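**Student:** Here it is, the structure in full.
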Amino acid sequence: MGVGFAVMFAQAPGESFTVSPFWPVTGWFCGFAAAEMVLARRGGPLGRPLGLRLAPPQATGLWVFAAMVSGAIALASVLRSFRTEVDLAERGWAVFTLAVVLTVNLLVMGLRRRPLRAGPADLVSAELAMRSRSARLLLAGGTIVAIWSAPGGGWSSQAESIRSLIGLVVSLLAWYMTLSPERLTQAGRPLRWQVVAAVLLTPVLAAGWNAAAVEPDEQPKSPLTEPYANAALFAYVTPGSPWEIATMPDGREPDDEWDESTWDFGGFSLDRAVTRLATGDGGRQEGPLALSGDGHHVVYLDSVTDRLVVQHLSEATRRDLTGPLPAHAVPRPLLSHDGRLAALVSATGTELVDTATGDRTALPGVRRVLGLGPYGVVGTTGHRALPGAPGTELVTLDPRGRVRSRAPFDPTLPALATQDGRSLIVFTDDEAVAMDARTGRVTDRAALKLPRHHGPPEPLGWSAEGRLAVLIEPDGDDGHYHLVDPGTGRSSPMKGVMDKLDHGVFGLIP
């Protein structure tokens with residue numbers, strides 16, 4: 001129990017702190033169960049049942065109810081983990097709940113089946129009384145701990161309130177039954193069919209719970225109720241407004257000539273996408289959002305579930321990429337051209353996620369991703385940095401996260417890998433430099449033919465014909481967005497794009 005109190009008060013420095021009997025009761029139960037395990041090891045092998053009822057039928061029935069409900073909730077979390085990401089805490093509580101159910105059943109079975117030692121009648125009676133007391137405490141403690149430790153991920157507030165009410169009533173009844181004296185009586189006939197029914201019914205309850213309770217009851221409908229055939233060109237956000245997605249105008253193709261006078265894009269709003277996030281230092285930053293190069297996939301932070309999700313625009317389907325995330329620990333997402341792979345870059349590391357299957361691969365040492373596709377990943381071991389930053393390496397990895405090559409790299413310059421992942425285009429103030437992605441050696445240089453600007457251009461993505469879209473800070477009235485041929489350095493303004501987008505994110509580049 002002391003350990004339980006220690007854990008409870010250890011949470012006091014956090015953002016929220018509540019005095020609750022859960023931790024002390026859980027600590028007491030774990031200690032009591034551990035002591036019973038030690039006694040069970042000394043009691044010899046199991047034999048036939050003693051033929052005595054060690055606990056009242058009401059306590060046994062209450063335990064069966066709690067074990068079925070909590071076991072079903074825990075199994076529902078396990079089932080959900082096969083189709084979406086379940087956070088580590090929910091997984092841990094699911095395992096703990098199932099362990100409590102198994103431990104109580106095994107210990108109570110041992111109390112009923114361990115043979116009694118021969119001796120005087122009063123000693124035998126005392127041992128039976130001790131076993132009865134142990135059985136009632138195990139059933140009561142197990143009922144309380146199991147019913148409250150069962151994970152509640154994905155529950156609505158109404159379902160959580162009902163669960164809390166049921167848990168409180170069940171806990172009070174279980175504890176009350178341990179206080180009343182119990183006389184040992186002859187056990188009735190074994191209820192084998194009830195046990196079989198409970199074992200078979202628990203997975204059915206888990207499947208039903210997983211289907212009915214995994215999404216919040218009051219969750220708004222998805223912002224995309226029908227497919228969008230037109231590809232997404234870019235996204236932008238203005239203060240007080242949601243993320244807006246501009247799509248390809250009807251009847252146009254990516255290689256059609258663009259004209260600013262035909263600013264008639266279609267589009268839609270991502271009402272559930274988070275637009276602003278609090279940072280760990282008390283500041284604010286724009287919410288994460290990424291578009292695929294083909295314009296048919298978008299990744300954003302869902303404001304209802306606090307999960308990063310990937311949305312297939314042309315099919316109106318979505319999939320969770322993460323579990324619930326705190327605002328200060330949301331990774332930056334990037335998508336491959338076809339949207340099949342997503343890289344999630346955070347302060348703790350980078351993961352590669354298959355958006356179709358949910359398979360995850362750790363990318364060791366990668367802090368910045370410059371290219372992503374079926375060929376693998378091109379990245380660096382450090383973030384974008386100012387001059388004088390520590391040494392950084394350019395790394396290439398295969399789709400399984402194994403490092404293929406390493407080479408020195410200057411982290412101060414903007415860069416983007418080519419779509420085949422073989423080369424890297426790095427920009428200085430006045431040059432486009434092509435480098436071998438595996439060796440870091442310069443293979444070509446071209447003088448940039450851009451309007452006068454400040455600083456090196458920022459690469460945004462590749463167009464269908466192999467030109468690179470860049471963002472510049474022009475020294476005059478020239479536009480911010482241009483298409484650059486990295487082989488020759490020649491450029492032309494991007495037509496039909498608002499100048500300048502607020503936190504613009506590009507998808508399909510015409």
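The values are calculated or read from the model by the stated rules, or taken from the named source; none is laboratory data. Predicted model only: the values in this text are computed from it and were never measured. Cβ: placed from backbone, ideal geometry, glycine included. Neighbour counts: every protein chain shown. The area values use the complete protein model at the heavy-atom level, side chains included, leaving out ligands, DNA and RNA. Shrake-Rupley method; radii C 1.70, N 1.55, O 1.52, S 1.80 Å.
**Student:** Quick check on the range 427-474: take the gyration tensor over C-alpha atoms, sort the square-rooted eigenvalues as a ≥ b ≥ c, and tell me if it's rounded (a/c under 1.5), prolate or oblate. Provide the component values of the computation, followed by the final result.
**Tutor:** Details: a/c = 2.10, a/b = 1.38, b/c = 1.53.
Oblate, since a/c reaches 1.5 and b/c is not below a/b.
**Student:** If a/c stays under 1.5 just call it rounded; otherwise compare a/b with b/c (prolate if a/b is bigger, oblate if not). Do that for the range 295-386, with a ≥ b ≥ c from the square roots of the Cα gyration tensor eigenvalues.
**Tutor:** Details: a/c = 1.93, a/b = 1.26, b/c = 1.53.
Cα axes put the range 295-386 in the oblate bin.
**Student:** Return an integer: the convex hull volume of the alpha-carbon atoms of the range 463-510, in Å³ per residue. Could the numbers behind the result be given before it?
**Tutor:** Working: hull volume 4.0 nm³, N = 48.
It is 83 Å³ per residue.
**Student:** Projected area of the range 371-510, taken from the Cα convex hull and averaged over every viewing direction, in nm²? Write down the numbers at each step before the final one.
**Tutor:** Working: hull surface 34.6 nm².
One quarter of the hull surface, i.e. the mean projection, equals 8.7 nm².
**Student:** Just to verify a number: what accessible area does M130 come out at with the full protein assembly present, 1.4 Å probe, Å² rounded to tens?
**Tutor:** Approximately 130 Å² of M130 is accessible to the 1.4 Å probe.
**Student:** Now a separate question. Residues in the range 432-457, backbone N under 20 Å from the label point at D410 (7 Å along the Cα-to-beta-carbon vector): list them, ranges by number please.
**Tutor:** 432-450, 453-457, by backbone N distance to the label point.
**Student:** Take the solvent-accessible surface of the protein heavy atoms, probe 1.4 Å, and return the percent of it on the range 287-440 that carbon and sulfur atoms account for.
**Tutor:** Details: 3120 of 6220 Å².
The nonpolar share, carbon plus sulfur, comes to 50 percent.
**Student:** Test of understanding: extend the Cα→C-beta vector of L173 to 7 Å, then name every residue of the range 103-122 with backbone N under 14 Å from that spot.
**Tutor:** Hits in the range 103-122 for L173 at 14 Å: none.
**Student:** Quick one: if you stick a label point 7 Å off each Cα along the C-beta vector at K495 and F65, how many nm between them?
**Tutor:** So the two model labels end up 7.3 nm from each other.
**Student:** Would you please give the FRET efficiency between E127 and D306, computed as 1/(1 + (r/R0)^6) with r the Cβ-Cβ distance and R0 = 41 Å, to the nearest 0.05?
**Tutor:** Numbers: r = 53 Å, r/R0 = 1.30.
E(calc), rounded to 0.05, equals 0.15.
**Student:** Treating only the Cβ atoms of Lys and Arg (+1) and Asp and Glu (-1) as charged, compute the dipole magnitude of the range 94-153 about its Cα centre; round to the nearest 20 debye.
**Tutor:** Numbers: 7 positive and 2 negative charges, 29 e Å.
With Lys and Arg at +1 and Asp and Glu at -1, about 140 debye.
**Student:** Say the dipole of the range 295-425 comes from +1 at the beta carbon of Lys and Arg and -1 at that of Asp and Glu; which of P374, V309, A347 then lies farthest toward its positive end?
**Tutor:** With unit charges placed on the Cβ atoms, the residue in question is A347.
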